[in-house]
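Written out below as structure tokens is the structure these notes cover.
Only the coordinates and a few stated rules stand behind these numbers; no lab work does. What you see is a predicted model, and the numbers here were worked out from it, not measured in a lab. Reconstructed Cβ throughout: ideal geometry from the backbone, glycine too, with neighbour counts over all protein chains shown.
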Amino acid sequence: MALDAKVDGKLDFKVVGTRVNRPDGIDKVTGRARFGADMTAPGMLVGKVLRSPHAHARITSIDVSAAEALEGVHAVVTRADFPQVELDEATWDVLDNCMAGEKALYDGHAVAAVAASSESVAKKALKLIKVEYEALPHVIAVDDAMKADAPALHEGRQVENVPEGMGANVVARYEFGHGDIEAGLSKADKVLERTYKTEATHQGYIEPHACLAQVGSDGQADLWCCTQGQYMVRDTCAAIMGLSQSRLKVTASEIGGGFGGKTTVFIEPVALALAKKSGRPVKMVMSRSEVLRATGPTASSSIDIRMGMTKDGQITAGFAELRYQGGAYPGSPVEMGAMSAFAPYDLENVKTVGWDVVANRPKQAAYRAPGAPMAAFAVESAIDELGKALDLDPLEVRLKNAAREGTKASYGVTYPAIGLEATLRTAKDHPHWSAPLGENQGRGVACGFWFNFGGNTCVSLNITPDGTVNVIEGNPDIGGSRASMSMMAAEELGVPYERVRTVIADTASLGLNDVTDGSRVTFAVGLATIEAARAAKREMCKRAAMVWGIDEEAVVWEDGAARPSGPNAGKHDPMTLADIAAIASNTGGPIAGHSEVNAEGAGVSFATHMVDTEVDPESGAVKILRYTVFQDAGKAVHPDYVEGQFQGGAVQGIGWALNEAYIYGEDGVLQNPGFLDYRVPVASDLPMIDTVILEIPNPGHPYGVRGVGETSIVPPLAAIANSVSAAAGVRMTSLPMSPPKVLKAIQTG
Amino acid sequence: MVQVRIWGSLASATDDQTEVEIEAGTLRELLDGLAEKYPGLKPQLDRGVSVAIDGKVYNDSWFTPIQPDSEVVLLARLRGG
């Protein structure tokens, strides 16, 4: 569906682009909103998980008899209680992660679970389960895990293009790019070679995973859970439990953050297995410690960069080798990092090589532009260092090399109209760029890119008898999408926003909807909402035509009403949506519009971030003084929400750059599984994050929408590292830049 | 015939070429044609790819038309968070 025809050079919006009240605000601030842990059922049991204390161990036996005998215990499950069904490799990994089979692969890996009458009984029962482990050597860091003699987690999981002789933990290799790196480097006036490292971080959502499962003796099952994709939960759990998809109904609760971490399952299959075995509803709520130990952080990385630049700032060659560990199973987002690393730049000679590596850590899950932030950290730091060595302006260097319409991207695609140059020029003209800096203060800039995508989407739009509107869609709202859908429906129908309510359906009420991820919802669900509204308008015009006794083609929809149009239409007073709704039963029945689509045409999105920091030379502590995000949104449907996405991505990037890391002991046990020691930024740590929304319309959407939720986390790691490096007078190449690390860097130079 | 750009680590399956030609008028014909002409690509194709056609990314839409002069690029399967 192409960008709509323009009126006077721009689309003429009445609702889209305004800042209406959010529909979930009152519910969330009064406690009325129902999150994953807020559902109950009569006869409900409490489910709890027993987790491995070892980073790597063979499970030689599990004796659950004492636990089963404890009064108040209704079921105990291990891997043996899951049905023996054929699963594809990815789903098998999910099952093995939810409940270990032969081996525990990380500290916190689930090995058994109980359902009991209360939490205290469940906890007592866990202690009665006797697990015999044969502890095995473990490996934690990515570069160690790649070694040929590293303890191997799996056998036979290397894909076909991994070269002979690589260690068993190296499971995939990717390569992208074009041109001749060595020839390009030979043309440079300066060549930089550096290694950059980042630690694993968690998405840090406030709401722990929680679910309530019920399985009837007839095999029909219901699951309530917090998730970014109730259809993904249904399809994964149905496969694991051997159910047909239509027999399992999954309802998504209100969600307290996801950021990619809730695009898979951890406790849901276990809750279903306990519910099936006990014959009772089972509720499971993870503790914070469990969330950090046993859900899906992002990968840690080790990245080598080689880059050449001429004295006037032209990048002559860019090479990156990226090594990502994604935890205990294949699937780190290294290929996304490898594709996106140089994406903002127009390079004649560019190559990226990515290695996917497993290690004895929790199975990674997506985290907002998965794989891209670490890659951007390395590339943007190198550009910064080279530019400064050549005494060049950081924004001018980026402008000189910026990708534009017609550029062949490093990952192979030729770009259509894109917004990178606009973000750079806007940044250069912004007062932040010319604001003075004081002692021990530095300014950093960096660019970022994300793909965004569309996907399977269903929307049903119903006109109620009183002339108001319900939009039914299937994507949990993690960024204000209900408001956006209501706004787009109101825009199309020509009715006030307040007359539209958007709700999120369970899996039985609409066809397949892909997960809320990939910055896809405002784009794809919006596109389907617009089409559903247009279908409803066509039906309402048809009803008006019936009433007026004229042809359907002689009726148009304008400003919220059906109107006669054309020379032979005759004179008829307009019929509003409410007028037509009131006589729907008399004119053919209820009025609705719907759309089912695999949406394509999502536009890529670029951002430039600018940040000032101050470094305390005595402690190494870093303070964020000022932060500005410049990002292309295509069309900001609700600017408050778009600004919120920009700010949220920046703040998560700040935590990733300065504080957050998974810290393991020598024994491979996670040392900081709690928010006291895994320190995320809170509001009092930070200044206001300023935002500038640019709008270069995406031709693939009727309103020009581009996804925005992920691009905003791509630049901050590098922007902050560039700023701190300037403030501290020493190049920082490893994250997080915690005070001891910064202090040591200052002291050693 | 359609020119298809293959990413570098797949080239070992296409006689070291990163640009190959396939007879295809739709996305499905493209993927089937690649698997048939270059059986070494099949494991990656089975694991999943995204395809960019004239700058737009497609995941599963089999009957997306491809023109003879379209720019077609195989990408690693896109995923988001």
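Farthest toward the positive end of the dipole of chain A, out of A:Q647, A:F13, A:P208, is the Cα of A:P208, where the dipole comes from beta carbon charges about the Cα centre.
Length, then width, then depth: along the principal axes, the Cα atoms of segment A:8-154 run 72, 51, 30 Å.
Filter the cross-link list A:K351/A:K400; A:K623/A:K744; A:K408/B:K37; A:K388/A:K635; A:K14/A:K408 down to pairs whose alpha-carbon distance in this structure exceeds 28 Å.
Over 28 Å apart, Cα to Cα: A:K388/A:K635; A:K14/A:K408.
By the rule of a second cysteine Cβ within less than 4.7 angstrom, the protein assembly as shown holds isolated cysteines at A:C98, A:C226, A:C237, A:C447, A:C458, A:C541.
Of all lysines in the structure, those lying under 20 Å Cα to Cα from A:K28, and not within fewer than 8 positions of it along the same chain, are A:K262. The convex hull defined by the C-alpha atoms of segment A:283-365 has an orientation-averaged projected area of 7.2 nm². Derived from the Cα gyration tensor, the three semi-axes of the equivalent ellipsoid of chain B are 17, 16, 12 Å, largest first. Distances between every pair of Cα atoms in segment A:606-669, grouped in 5 Å steps from 0 to the bin holding the largest one, split as 4, 13, 20, 18, 14, 11, 9, 7, 3, 1, 0 percent. Shielding by partners for peptide A:411-418, expressed as the average number of C-beta atoms from other protein chains within 10 Å of each residue's C-beta, is 5.
How large is Rg over Rh for segment A:355-458, taking Rg from the Cα atoms and Rh as the Kirkwood inverse mean of 1/r across Cα pairs? Using only Cα positions, Rg/Rh for segment A:355-458 is 1.04. For the pair segment A:487-558 and segment A:586-608, the centres of their Cα atoms are 8 angstrom apart. What is the list of residues in segment A:228-263 whose amide nitrogen lies under 13 Å from a point 7 angstrom out from the Cα of A:V682, following Cα to Cβ? Hits in segment A:228-263 for A:V682 at 13 Å: none. Give the residues of segment A:142-170 whose amide nitrogen is closer than 15 Å to a point set 7 Å from the Cα of A:T195 in the direction of its Cβ. Inside the label zone: A:142-148. With the highest mean first, a sort of the peptides A:146-159, A:713-726 on other beta-carbon atoms found within 10 angstrom per residue produces A:713-726, A:146-159.
The base-10 log of I(q)/I(0) for the protein assembly as shown, evaluated at q = 0.07 Å⁻¹, reads -0.54 [Debye formula, identical scatterers on Cα atoms, solvent excluded]. A straight chain from A:E558 to A:T40 at 0.36 nm per residue would run longer than the Cα-Cα distance by 181.8 nm. Counted as membrane-span-like here are DSSP H helices of chain A whose alpha-carbon atoms extend 30 Å or more along the helix's own axis and whose Kyte-Doolittle mean is -0.5 or above; these are A:526-548.
Rounded to the nearest 0.05, the FRET efficiency derived from the C-beta distance between A:E618 and A:K741 at R0 = 22 Å is 0.90. Shown in residue order for segment A:301-316 are the 3J(HN,Hα) couplings computed by the Karplus curve 6.51 cos²θ - 1.76 cosθ + 1.60 at θ = phi - 60°: 9, 9, 10, 9, 10, 10, 8, x, 9, 7, 5, 9, x, 6, 7, 8 Hz (x for Gly and Pro). The stretch between A:D640 and A:Q84, if pulled fully straight at 0.36 nm per residue, gains 195.3 nm over its current Cα-Cα span. The packing ranking of peptides A:699-708, A:113-122, A:36-45, highest mean first, is A:699-708, A:113-122, A:36-45, where packing means the average number of other beta carbon atoms within 10 angstrom of each residue. When the alpha-carbon atoms of segment A:656-749 are used, the pair Rg, Dmax equals 18.1, 56 angstrom.
Let me have the relative contact order for chain A, percent, based on Cα pairs under 8 Å that are six or more residues apart. Computed over chain A, the figure is 16 percent.
Three principal axis extents of segment A:461-554 based on alpha-carbon atoms, in descending order, are 47, 26, 22 Å. The calculated P(r) of segment A:212-279, using every Cα pair and 10 Å bins from 0, goes 23, 57, 18, 1 in percent. Could you name the lysines whose alpha carbon sits less than 23 Å from that of A:K542, not counting residues in the same chain fewer than 8 places away? By straight Cα distance, A:K542 reaches A:K571. Residues in segment A:285-316 near a label at A:S186, defined as backbone nitrogen under 20 Å from the 7 Å Cα→Cβ point? Residues A:306-311, A:314-316 qualify, since their backbone N sits under 20 Å from the label point.
Think of the protein assembly as shown as having a plus end and a minus end, set by charges on the Cβ of Lys, Arg, Asp and Glu; of A:G108, B:G25, A:I129, A:I129 sits farthest toward the positive end of this dipole.
Rounded to the nearest 20, the size of the Cβ-charge dipole of segment B:2-76 about its Cα centre is 280 debye, with Lys and Arg at +1 and Asp and Glu at -1.
With the simple spin-label model, which puts each label point 7 Å out from Cα in the Cβ direction, the A:K28 to A:T464 separation comes to 2.3 nm.
What the Cα atoms of segment A:313-404 give is an Rg and a Dmax of 14.9, 45 Å. Per-residue mean of foreign Cβ neighbours for A:599-606 is 3 (Cβ atoms of other chains, 10 Å radius).
Cα convex hull, segment A:125-272: 240 Å³ per residue, rounded to a whole number. What the pair-distance distribution of segment A:590-749 shows, using all Cα-Cα distances binned every 5 Å from zero, is 2, 9, 15, 16, 15, 13, 10, 8, 6, 4, 2, 1, 1, 0, 0 percent. For the pair A:E405 and A:A435, the difference between a 0.36 nm per residue extended length and the Cα-Cα distance amounts to 7.6 nm.
In plain terms, the bigger the Kirkwood radius, the slower the diffusion; for segment A:87-188, with that radius from Cα pairs, at 25 °C and 0.890 mPa s, Stokes-Einstein puts D at 138 µm²/s.
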